[in-house]
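See below for the structure under consideration.
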Amino acid sequence: MFISINQLNKQFLDKNDQPTTVLKDIELDIEKGEFVSILGPSGCGKSTLLSIVAGLTSATNGEILVEDKKITKPGKDRGMVFQEAALFPWINVIENVMFPLKKEMSKQEATAQAKKYLQMVQLSNYLEHYPHELSGGMQQRVSIARALAMDPEILLMDEPFGALDEQTRTRLHGQLEEIWIKTKKTVLFVTHSISESIKLSDRIIVMGTRPGTILTDIKVDIPRPRREHKEDMLELEEHVMSYLKKEIDKVVSEELNHETSH
Amino acid sequence: MKPAIKRIIFIVILVGLWELGSRLGLWTELILPSPTSVFTALYHGFADKTLIWDLIASFRRLAIGLTLALIIGTSIGILIAKSKTADDTIGSMLLALQSVPSIVWLPLAIMWFGLNDKAVIFVVILGGTFVMALNIRTGIKNVSPLYIRAAQTMGSKGIDLFIRVIFPASIPYVVTGSRLAWAFAWRALMAGELLSTGPGLGYTLSYASDFGNMSLVIGVIIIIGIIGSIVDQLIFQRIEKSVANRWGL
């Protein structure tokens, strides 16, 4: 197995120093080249799970193996795209994409590599622009190019299109799908949008909340391009919703209880 | 009407009223010399080059003092941002030191270095260092964790992370710190020169005052004000604005 997550648990200490379980007994195996969505309501720990795979957060117990090697810290084999583009405002677009390449290649090689991936996200005309001169969608494309430029085996995406408007998001879905087909990366894609996960992924991991657990693992068998199979997508959407409905109700009723108890 | 035009009209009216009052004899030349006398005094000062030498001498002290203040301030700022112990000890002391006007160190500085350039430069350094250090600390502590996490996923850590991400991310605070350090250093310089030896703008001011040359006193005050506002508005505010724009603040 390419990525294997074994008996992973994560606890935080809350305000009163009481341990709260964010992730409970997560078991997940992912094949090389798979596009896997992690879907769940807010607070289910899906972003925490991704952050642990990235090596930015440590697990309380359990382990994550990538090609049988245990993950303990961040590494260039795992590129990450955050919800906010996280570009560095003091350098221009191409320098941002070259950021991870500085140490291991000559300037020429790095420039060529950066240009290649900026072309892939169709931003070749914006090499000298600074991040503040780009729209949110363009910034996010630069950050995808930046993650791809270091040629990671795995691409981790934490609600990368969550802050964008609908049209931009739809366009970027198309671009991301193309890039994934072209580069054959293994993608872990965190989202709270059911339709987004159905549109993009091979598998959808549905997570429940408090504590965060895996509810079900759904294989998406709709042929690509999926926009030609609207009905199948709608049908699957309802199937996924049946799992999520309970979870969302749980969150809502908890919030209401919280409100009335004050 | 443009603000610049409003300002010019305001100054013209102010100087006009001042001249009128002097002409009408509302006050004597000794209490408040007329704009014409001030202008004449400045003209003579520049014609015989004394004011030019004063400017050169003052700027030399400022350049040395401010450069050292920025370097020392940045170093202390990085230290207290990175080390909790240093912050708990040196950091809390800086706040106290910052509230002491740096000119009060001059008597000590004169004892240590003598009545010369070094003593003045010392108070200029003290004037700029603390505010720079405090701003650098705030800047480094306020670097968005997102930048750091993003850089970590790209294999950056330790000193590389500091040089390529944390320090550049705090540039807006470096600029603000420098502007405040300049403002404090400039005031410390003038105060130090007033009480010290020449040449220098502050020294010429106190010298003119000793000889009852009030026209020159006002002339030098005007020069000090003009230089201060030029550096602040034309240089620092512009840099601050363009940095804030690019950093998306």
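Scanning segment A:98-125 for residues that are over 21 Å from B:Asp160 (Cα atoms) and within 25 Å of the chain's Cα centre (by Cα) gives A:Gln113, A:Lys115, A:Lys116, A:Tyr117, A:Leu118, A:Gln119, A:Met120, A:Val121, A:Gln122, A:Leu123, A:Ser124.
One residue stands out among those in segment B:125-153 that are closer than 25 Å to A:Ile52 by Cβ and surrounded by 22 or more Cβ atoms within 10 Å (Cβ to Cβ): the one that is farthest from the other protein chains (Cβ to nearest Cβ), which is B:Ala151.
Flag: A:Gln140 does not match the condition of being at pLDDT below 85 and either at negative phi or not in a loop (DSSP other than H, G, I, E, B) (or both).
Remark: A:Tyr126 falls outside the filter, which requires a residue to be buried (at least 22 other Cβ atoms within 10 Å of the Cβ), more than 8 Å from chain B (Cβ to nearest Cβ) and more than 28 Å from B:Tyr173 (Cβ to Cβ). Residues of segment A:103-137 that are under 17 Å from A:Gln175 (Cα atoms), of a type outside the set (Val, Ile, Thr) and assigned to a loop (DSSP other than H, G, I, E, B): A:Gln122, A:Leu123, A:Ser135.
Yes/no per residue for (1) small (Gly, Ala, Ser); (2) at pLDDT below 90; (3) surrounded by fewer than 14 Cβ atoms within 10 Å (Cβ to Cβ):
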| residue | (1), (2), (3) |
| --- | --- |
| B:Ile72 | no, no, no |
| B:Ile76 | no, no, no |
| B:Ala81 | yes, no, no |
| B:Thr85 | no, no, yes |
| B:Ser99 | yes, yes, yes |
| B:Trp105 | no, no, no |
| B:Leu108 | no, no, yes |
| B:Phe122 | no, no, no |
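For segment A:201-208, the count of residues that are within 14 Å of chain B (Cβ to nearest Cβ), on the phi < 0 side of the Ramachandran plot and not aliphatic (A, V, I, L, M) is zero. Scanning segment A:76-99 for residues that are in contact with a Gly (Cβ under 6 Å, 6 or more places away or on another chain) and closer than 30 Å to A:Leu8 by Cβ, we see that the one that is farthest from the other protein chains (Cβ to nearest Cβ) is A:Gln83. From the list B:Ile31, B:Ile56, the one residue that fits, being in a helix (DSSP H, G or I) and either of a type in the set (Val, Ile, Thr) or in contact (Cβ under 8 Å) with a residue 60 or more places away in the chain (or both), is B:Ile56. Of the residues making up segment A:81-123, those that are within 29 Å of A:Thr48 (Cα to Cα) and of a type in the set (S, T, N, Q) are A:Gln83, A:Asn96.
Among residues of segment B:221-246 that are without any contact (Cβ under 8 Å) to a residue 24 or more places away in the chain, those with a Cβ under 8 angstrom from a residue that is loosely packed, with under 15 Cβ neighbours inside 10 Å, sequence gap 6+ or separate chain, pair up as B:Asn245/A:His132; B:Arg246/A:His132. Annotation note: Cβ proximity below 6 Å between a residue of segment A:211-236 that is in contact (Cβ under 8 Å) with a residue 40 or more places away in the chain and a residue that is basic (Lys, Arg) and surrounded by 14 or more Cβ atoms within 10 Å (Cβ to Cβ) (sequence gap 6+ or interchain) occurs for A:Pro211/A:Lys24; A:Thr213/A:Lys24.
Applying the criterion of at least 1 residues that are under 28 Å from A:Lys116 (Cα atoms) to the helices (runs of 4 or more DSSP H) found wholly in segment A:147-260 leaves A:166-183, A:194-200. Of all the listed residues (A:Asp151, A:Asp77), the sole one being touching an Asp or Glu at 6+ places or on another chain (Cβ under 6 Å), surrounded by fewer than 21 Cβ atoms within 10 Å (Cβ to Cβ), modelled with pLDDT under 90 and closer than 20 Å to A:Glu34 by Cβ is A:Asp77.
The values are calculated or read from the model by the stated rules, or taken from the named source; none is laboratory data. Because the structure is a prediction, the values reported are computed rather than measured. Cβ coordinates were reconstructed from backbone atoms using ideal geometry, including for glycine residues, and neighbour counts include every protein chain displayed.
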